[in-house]
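The values are calculated or read from the model by the stated rules, or taken from the named source; none is laboratory data. All of these numbers come straight from a predicted model, not from anything done at the bench. Counting neighbours? That spans all protein chains shown, and the Cβs are built from the backbone with ideal geometry, glycine included.
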Amino acid sequence: MSQPIEFRKQRELGDIITDTFKFLRQNLKPLFMDIFKITGPVFVILILAIGYYSYLGMDLLSNPFLVETSEINVETFFISVFILFVSLLAFYVLLYNTVLHYIKSYIENSGEVDHSQVSRGVKQDFGSMLGLVILIGIITVFGLMLCFFPGVYVWVPLSLAPAMLIFARTSVMDSISYSFSLIKDNWWTTFFTLFVITLLIYIIGLIFQFPLMIYMFIKALVMSQEGSIANPADVVDWVYVFFNVLSSLFQYLLSVIGVVASAFIYYHLDEKKNATGTYERISNLGS
């Protein structure tokens, strides 16, 4: 068995990125087994919702004018958007809960994970995580509506609030307020770390979008040669829907990288501010 990764210590940006991928490499199979086990039903609904949403979008392109049949499609389209939003919200709540409780169990058991403990933790904190995610979304959107930079400013501390909820066992409101306190005097370094992690996730995500982009390019090229490019509905077909669903699913699963990185960032800042890990190691010297 490989040496367990120590979370409770200060790290440089490069170390956070390296240890994030090291942790994922060491725990890829058991972590994703827990993710699919816990998020499975919601994940299936999300897959179907993405496919149906893409299908209705394709159907609306072929009926751009609000005739009687397309009015029904428009109503159904908005219903599909609502189902997609709800399933996506539930998936992210379960995903964050699962990954963070997995890390919590990993830390508490020195690298061994109690999967029943992970499941119990997810059930216990589902309501709190749901409220926190909704509140984070409202605050971030409100900040972006005021101006772009306030939205970015609040995004940085709020990215750590879910980790705080699970690891520090704080309430929803305390997780938000303490996240701002935790990054005090460390906003720029935290922003840069989160920006690099987000950029890496985006670049990796592009790999899974290549089949869709290649298909769209070939389809548009063929249609232009045939002189039928004027109808946008001809570009969007069942093959497009399939590749769109596939790329979207990989994009959602890549969020795991950001969740793991947020745990490392949280413990880095907590150690820097409170020296929690140092005190724990000192107290264990005599044991």
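Structure above, values below:
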| read-out | value |
| --- | --- |
| Inter-residue pairs, beta-carbon under 6 Å, first without any contact (Cβ under 8 Å) to a residue 12 or more places away in the chain and in segment 130-145, second part of a helix (DSSP H, G or I), 6+ apart | L144/G151 |
| Positions within segment 1-20 being assigned to a helix (DSSP H, G or I) and touching a helix residue (DSSP H, G or I) at 6+ places or on another chain (Cβ under 8 Å), in sequence order | L13, I16, I17, D19, T20 |
| The listed residue being under 20 Å from L194 (Cα atoms) and of a type in the set (S, T, N, Q), out of T170, T140, T98 | T140 |
| Qualifying residue in segment 3-10 (condition: aromatic (F, W, Y), modelled with pLDDT of 90 or more, surrounded by 14 or more Cβ atoms within 10 Å (Cβ to Cβ) and closer than 18 Å to Q251 by Cα) | no |
| Members of segment 106-149 found to be loosely packed, with under 13 Cβ neighbours inside 10 Å and over 27 Å from I38 (Cβ atoms), listed by number | V141, F142, M145, L146, C147, F148, F149 |
| Count - residues of segment 150-177 that are surrounded by 17 or more Cβ atoms within 10 Å (Cβ to Cβ), out of contact with any Leu (no Cβ under 7 Å at 6 or more places or on another chain) and more than 22 Å from H101 (Cβ to Cβ) | 2 |
| Residues of segment 178-212 classified as within 21 Å of the chain's Cα centre (by Cα) and without any contact (Cβ under 8 Å) to a residue 12 or more places away in the chain, total | 7 |
| All positions within segment 77-122 that are basic (K, R) and more than 19 Å from the chain's Cα centre (by Cα) | R120 |
